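Read through the structure below, which is laid out as structure tokens, and then see the notes.
No lab work stands behind these numbers, since they all come straight from the coordinates. All values reported here derive from a predicted model rather than from experimental measurement. Note: ideal-geometry Cβ built from the backbone for every residue, glycine included; neighbour counts use all protein chains shown.
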Amino acid sequence: MRVLPAVLVLALAAPAFAGSANSLLDVSADGSRLLVANTDSGTVTVVNLKSKTVHCELPAGDHPEAAAWAGNVGLVAVWGDDRLLFLDADAKKITHILPVDDEPYGLVTTADGKRAYLTHDYPGTVSEIDVAARKVTRSFKVGPFARGIALAPDEKTLYVTEYYTARLHAVDIATGKVKETWTGYESDNMARHVVHHPKRPKAYLPFLRSRVTHFDARGSIFPHMAICDLFERPAGEKKRRGIDLDTFNGVRVMANPWESCFSKDGSKLFTIYAGTNDANICNVLDDDYRELERLNIVLVGKHPRAIRTNPVTGEIYIYNTLDYEVTIHNEDLRQRGAIKVATPAHSPEWRRGKELFVTAKPPMGRTGWVSCSSCHPDGLTDGRVWQNPEGHRRTPHLFGLAHTHPLHWSADRDEVQDFEYTIRGKLMQGRGLASDRLKPRTTFTEFAELDQPLSDKSADLDALALYTNAFTFRLSPHAPEGKLSESAKRGQAIFNSKEANCASCHTGAYYTDSTMKKPFVRHDVGTGDHPAEKIGPLYDTPTLLGVYRQGPYLHDGRAATLKDVLTTANPKDKHGRTSHLKPAELDDMVEFLKALPFELPPDDTPNAVKHRYKMTYPKAKVGE
């Protein structure tokens, strides 16, 4: 049995709830108010927990992803606008807007409300905020795609997750240095949250595992929980152990674990599943072996993405984001009430499309493991190269999709509605959204999807297409205020030169020659030589917008970096002519590619599809 140092026992004696782990929800220290970041609606809401009524709903901007109380000040991280909002709940207004580094995601605050810590998704950094001065005092590098963040009860250490690896880093606050890292398996993926036990030196990470060697609904993607020991253990003993959350629940499959929280006394752990609309209740075991004992499974609302405990009353709050509602529960997760917290986002068709996109339940899936968002979370990539039957395929992002058809690396689909084949196929095994019989594909090179129009055949299928085609680009952080650096300008000249010939394929506002005119334009760029490839060597030209955060690169991920795309992955100059470029010129090219988009592309193009939607968000303004 381990013995904890007396100092550590004292440090862990007091529970920490308000602002101690990233979430769309936070409860004030006195338990009287709930702060809610409404990601889809682009607003922030304050709820009076005594009267169970909405106190105010204010404009926040493009994708608020975290909310936290800093004393009486409400803080909201707005991912798409690169802002941190300061909110005065009594006055019902935004009092300050602080510009911050790119893609702010996770947010925690100290108990005295003086400091806040903010993760930045793409740069992989953490910002330290002086709340009273309303300024960034420090920024330190943690790891790529930093999302989840938790503050230790002694407030000396931050625990930060890497989204695409589920690594957990311990960051010493005094120095801003990573002092320890817990690493899992290569399949670990999408760890956007971490929570520190209020009384024990343990961190809990819910995430997905992406098993890229399998292309099947029952073996590709499954939910997982990692528990990391935050104390010294004897040599050879595990510091990180995992629980497969599908087999953990017997025959009941649950998908896309999103967030966890503890009961007021720390004896129970609650975990919500955004893909199957349910939650686990577990006993927390102090055995350093099993860790959790499942008590019950509870159905909740649509697409739960936040769960929080009231540190005073012990009530549990779950944000069911597609109901735009926070439900109120006791410690058995029995529902005691509900509060509508947000104006429903966008259009009814967009909302129905998202509901289908994020669910692993019928009609989208039969087994309960896989949803569209399991690989394309919020329109982004899962960062994986899948060993599909037709060959190795990197998951692309969905931004700009409405203007860059046809689809897939081999251009074997000409409308999003063709993903009816995927819904009914081996990966999802759903019953589908349309009533039409699908023409079977008998060979890898016979694209049956192109022969069968599915647009306007099903309202649900069209809604799914509209949602999927709605993702739009944001400006690259490598081109501040839309301005290219001198290096990027030199790279732009090389990119556009006839000698390099890059712009002959990566052309137009979306940097692609993809069009809906048949026969589709495809190119042999020398990457179709893998033994597993069944369709190549011709591939569709992907957009280069947003390429700065989309590695690994090329259809099979063979290029780890953008420089590899131009060098080691292009030995015969089939993917543009780059072998003659000097090292400094290659660096300039990379700087230009990282700066895309330095101006936003048009919303209307000759290649724009019918079923699309332009998302807009209410902008936060000081005094409103």
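All C-alpha to C-alpha distances of region 157-315, sorted into 5 Å bins beginning at zero, yield P(r) values of 2, 9, 18, 21, 22, 16, 8, 4, 1, 0 percent in whole numbers.
Fewest first, what order do Arg294, Arg308, Arg437, Arg33 take by the number of other Cβ atoms within 10 Å?
Ascending Cβ contact count within 10 Å gives the list Arg437, Arg294, Arg33, Arg308.
The GluC sites (Glu not before Pro) of region 448-500 that meet both conditions, a loop assignment by DSSP and at most 13 other Cβ atoms within 10 Å of the site Cβ, are Glu499.
The Cα atoms of region 119-160 cover 29, 23, 12 Å along the three principal axes, with the biggest extent listed first. Across every pair of non-identical alpha carbons in the chain, the mean reciprocal distance, once inverted, gives a Kirkwood radius of 25.2 Å. Please list, in order, the residues from region 133-153 whose amide nitrogen is less than 20 Å from a point placed 7 Å along the Cα→Cβ vector of Thr95. Inside the label zone: 133-137.
For the pair region 582-609 / region 362-391, the C-alpha centres are spaced 27 Å from each other. Applying 1/(1 + (r/R0)^6) with r as the Cβ-Cβ distance of Lys114 and Leu295 and R0 = 35 angstrom yields a FRET efficiency of 0.40. Between Val521 and Lys572, the distance separating the two model label sites (each 7 Å from Cα on the Cα→Cβ line) works out to 2.2 nm.
Where only DSSP H runs of four or more residues are counted, the chain gives -2500 deg cm²/dmol as its mean residue ellipticity at 222 nm, each run worth -39500 (n - 2.57).
Axis of helix 459-468 versus longest Cα principal axis of the chain: the two differ by about 90°, to the nearest ten degrees.
Using θ = phi - 60° in the Karplus curve 6.51 cos²θ - 1.76 cosθ + 1.60, the 3J(HN,Hα) couplings for region 41-53 round to 7, x, 10, 10, 10, 10, 10, 7, 7, 6, 8, 6, 10 Hz; x is entered for Gly and Pro. Geometric descriptor of region 483-594, per residue, is 107 Å³ (volume of the convex hull of the Cα atoms).
Note on region 349-468: Cα Rg divided by 2.2 N^0.38 Å, N the number of residues, gives 0.99.
How tilted is helix 486-496 with respect to the longest principal axis of the chain? Cα atoms for both, answer in degrees (0 to 90, nearest 10). Its long axis makes an angle of about 40 degrees. For region 18-345, taking Cα atoms only, Rg and Dmax work out to 18.3, 56 Å respectively. Between the helical axis of 348-358 and the longest alpha-carbon principal axis of the chain there is an angle of about 80 degrees. For region 578-593, backbone phi angles converted through the Karplus equation (6.51, -1.76, 1.60; θ = phi - 60°) give residue-by-residue couplings of 10, 5, 7, 6, 7, x, 5, 6, 5, 4, 5, 4, 4, 4, 5, 4 Hz, Gly and Pro being listed as x.
Here the spin labels are modelled as points 7 Å beyond Cα on the Cα-Cβ line, and at Asp265 and Arg431 they lie 4.5 nm apart.
A simple rule links phi to the HN-Hα coupling: the Karplus curve 6.51 cos²θ - 1.76 cosθ + 1.60 with θ = phi - 60°, which for region 507-517 gives 10, x, 5, 9, 6, 7, 9, 5, 9, 8, 6 Hz, with x for Gly and Pro. Positive-end ranking of Pro362, Val195, Cys282 along the dipole of the chain, with charges on Cβ about the Cα centre, is headed by Cys282. Given R₀ = 30 Å, what would the calculated FRET efficiency be for Lys340 paired with Asn283, taking r from the Cβ atoms and rounding to 0.05? Efficiency at R0 = 30 Å is approximately 0.35.
Within region 331-428, list the GluC sites (Glu not before Pro) lying in a DSSP loop whose Cβ has at most 16 other Cβ atoms in a 10 Å radius. Within region 331-428, the qualifying GluC sites (Glu not before Pro) (loop, at most 16 other Cβ atoms within 10 Å) are Glu331.
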